[in-house]
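Read the structure below first, then the notes.
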Amino acid sequence: MKNFTYHNPTRIVFGKGTTDKLEKEIKDKGNNILLVYGGGSIKKNGLYDRVIKQLVGKNVFELSGVEPNPRLTTAHQGINIVKEQKIDFILAVGGGSVIDCAKAISIGAKYDGDVWDFYTAKAYPTSAVPLGAILTLAATGTEMNGNSVITNLETKQKNGLAGVFVMHPAFSILDPVNTYTVPPNQIANGCADTLSHLYECYFSYPDNTPIQDGLAETIMKTVFDQAFVALKNPEDYDARANLMWCGTLALNDIIPLGKEGDWGCHAIEHVLSAHYDIAHGAGLAIVTPPYMKYLCQFNPKKYKQYAVNVLGIDPTGKTDYEAGLEGIQKTKELLKKMGAPVSLAEVGIGPEKLELMVSEIVTNGNLGNYAKIGSKELLGILKEAL
Ligand code: NZQ
Ligand code: ZN
């Protein structure tokens, strides 16, 4: 196991009715609050009114309309409000996009240059306006980590910042009831994202890590199981609660501890989203099976472990490689059954820009942990995903 240091300062308030704990959580956070939210789901489902009621007595400023794949320009708007109105605390109410945008605002407001500098490694954030979150969609884990992903439409880049201590929410309220209105396609996308966060670490060296593997396998099994319960009955509290906690645990940085990690599927997906503005989880669902299929030959034993322990594949009479491939095929079938896209064609991506995107992906960083994936291999993987 690799060395690690772990310190997670985010306070989690989890469970039915915890939305009403906002007043208490935010009480001592100052008077000027910037409320950040998305395209309207919180107005439709009543959460907005419930939040506003608990902010009585505070000066509330609003930034609404944060897009899925949040734009740099929207973060700029928020930064201006924070600076002009002397905001003490940012409250993000929404999914990963809203929370990530709020994080960008929190660090950008304490910086004289353009916040994009942080996302292009020209500067590193050391201070931030504090923020809190009410999560409404189980997927990214942003509610309990120091990551943020922002899209710059001008340069066609979707870049992430990871592990920034000052970007951790001070608190995150995780009330599974707030996810009852998440529609089926977003349930599927969210599950694909949660699973991918686990795969990116599970399928990486060092491999003698039974604690990390066991935690990851339990979360994976729970996602595959509970997704179908939530899809059948959107108001099944336990299913929503389990999926929400899975999403948080998959990327609150516990699972990656001691592992090298891969993060190749995420690197690919960010470029797909930058060019085609597709949902993050959808891109991952498409890319993951062919990516796994390519890497299976380099560590078949681990893919067999996944197939057997997570998906219940019977390995009798099969080589590790055969059992591994069967697990990958089943993964694809389950993602499809959930309603996630499993081909680029389903999200309107053809072969036109494949070469361009491959060159951008390989320039951005290393792909593959069990074996290095270069341009040629990546092109093969994306062609298989067509
Ligand atoms: O904008 P509204 O109207 O709120 O609607 C959203 C949006 O259309 C809707 N939604 C959210 N909660 C809902 C709801 N609809 C009904 N009821 C609710 N309770 O769902 C749509 C998608 O929301 P979004 O926030 O974009 O989804 P998600 O949580 O999957 O976030 C995706 C973003 O997070 C980044 C992704 O790249 C993408 O930009 N990621 C962030 C990470 C992090 N910070 O740690 C890690 C991830 O790997 C990921 O990269
Ligand atoms: Zn992700």
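In region 6-20, how many residues are more than 30 Å from LYS259 (Cα to Cα) and open to solvent by less than 40 Å² (accessible area, probe 1.4 Å)? Spell out how you get there, then give the answer.
Going through region 6-20, the residues more than 30 Å from LYS259 (Cα to Cα) turn out to be 15-20.
Adding the requirement that they be open to solvent by less than 40 Å² (accessible area, probe 1.4 Å) leaves 15, 17-19.
Matching residues across region 6-20 total 4.
Take region 89-117 and flag every residue that is touching a residue at least 24 places away in the same chain (Cβ under 8 Å), part of a helix (DSSP H, G or I) and under 13 Å from HIS76 (Cβ atoms).
Passing the criteria: CYS101, ALA104, ILE105, ILE107, GLY108, TRP116.
Among (1) open to solvent by 20 Å² or more (accessible area, probe 1.4 Å); (2) within 11 Å of ligand 2 (Cβ to nearest atom), where does SER273 come up short?
(1)
Could you tell me how many of the residues in region 228-268 are over 19 Å from the mean Cα position of the chain (by Cα), among the hydroxyl-bearing types (Ser, Thr, Tyr) and open to solvent by less than 10 Å² (accessible area, probe 1.4 Å)?
0
Considering VAL358, VAL362, which residue is surrounded by 13 or more Cβ atoms within 10 Å (Cβ to Cβ), at pLDDT below 95 and touching a Ser or Thr at 6+ places or on another chain (Cβ under 6 Å)?
On the way: VAL358 fails: at pLDDT below 95.
Criteria check complete, one pass: VAL362.
Do we have any residue at all in region 131-154 that's open to solvent by less than 10 Å² (accessible area, probe 1.4 Å), farther than 30 Å from LYS24 by Cα and out of contact with any Asp or Glu (no Cβ under 6 Å at 6 or more places or on another chain)?
So far as region 131-154 goes, yes, one or more of its residues are open to solvent by less than 10 Å² (accessible area, probe 1.4 Å), farther than 30 Å from LYS24 by Cα and out of contact with any Asp or Glu (no Cβ under 6 Å at 6 or more places or on another chain).
Look at ASP207 and say whether it is at pLDDT 95 or above, more than 24 Å from THR10 (Cβ to Cβ) and acidic (Asp, Glu).
no
Looking at region 276-303, which of its residues are of a type in the set (S, T, N, Q) and buried (at least 21 other Cβ atoms within 10 Å of the Cβ)?
Residue satisfying the conditions is THR288 alone.
What single numbered condition from (1) free of Cβ contacts under 8 Å to residues at least 24 places away in the same chain; (2) within 16 Å of ligand 2 (Cβ to nearest atom) fails to hold for GLY283?
For GLY283, the failing item is (1).
Rundown of residues vs (1) in contact (Cβ under 8 Å) with a residue 24 or more places away in the chain; (2) more than 15 Å from LYS83 (Cα to Cα), yes/no style:
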site	(1), (2)
LEU22	yes, yes
LYS27	no, yes
ASN31	yes, no
TYR37	yes, yes
ILE42	yes, yes
ILE52	no, yes
ASN59	yes, no
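Being assigned to a helix (DSSP H, G or I), open to solvent by 20 Å² or more (accessible area, probe 1.4 Å) and either without any contact (Cβ under 8 Å) to a residue 40 or more places away in the chain or not assigned by TED's automatic domain parsing to the domain that holds ASN69 (or both): is that true of TYR306 here?
no
Taking the criterion of being among the hydroxyl-bearing types (Ser, Thr, Tyr), under 12 Å from the mean Cα position of the chain (by Cα) and within 20 Å of LEU72 (Cα to Cα), would at least one residue in region 143-164 satisfy it?
So far as region 143-164 goes, yes, one or more of its residues are among the hydroxyl-bearing types (Ser, Thr, Tyr), under 12 Å from the mean Cα position of the chain (by Cα) and within 20 Å of LEU72 (Cα to Cα).
From the list ILE219, ILE211, exactly one residue is part of a helix (DSSP H, G or I) and open to solvent by 60 Å² or more (accessible area, probe 1.4 Å). Which is it?
ILE211
Just give me the residues in region 168-184 being more than 9 Å from ligand 1 (Cβ to nearest atom) and in a helix (DSSP H, G or I), in sequence order.
PRO176, VAL177, PRO184
Just one of SER64, SER41, SER106 is of a type outside the set (A, V, I, L, M, F, W, C), within 16 Å of ligand 1 (Cβ to nearest atom) and buried (at least 24 other Cβ atoms within 10 Å of the Cβ); which is it?
SER106
Please verify whether ALA371 is open to solvent by less than 20 Å² (accessible area, probe 1.4 Å), farther than 25 Å from ASN189 by Cβ, touching a residue at least 12 places away in the same chain (Cβ under 8 Å) and assigned to a helix (DSSP H, G or I), treating the condition exactly as stated.
Against the criterion (open to solvent by less than 20 Å² (accessible area, probe 1.4 Å), farther than 25 Å from ASN189 by Cβ, touching a residue at least 12 places away in the same chain (Cβ under 8 Å) and assigned to a helix (DSSP H, G or I)), ALA371 does not qualify.
The values are calculated or read from the model by the stated rules, or taken from the named source; none is laboratory data. Just so we're clear, the structure is a prediction, and the values are computed from it rather than from any experiment. Note that each Cβ is placed from the backbone with ideal geometry, even for glycine, and that neighbours are counted across all protein chains shown. The protein model used for the area step is the full one, side chains on, heavy atoms only, and it has no ligands, DNA or RNA in it. Shrake-Rupley method; radii C 1.70, N 1.55, O 1.52, S 1.80 Å.
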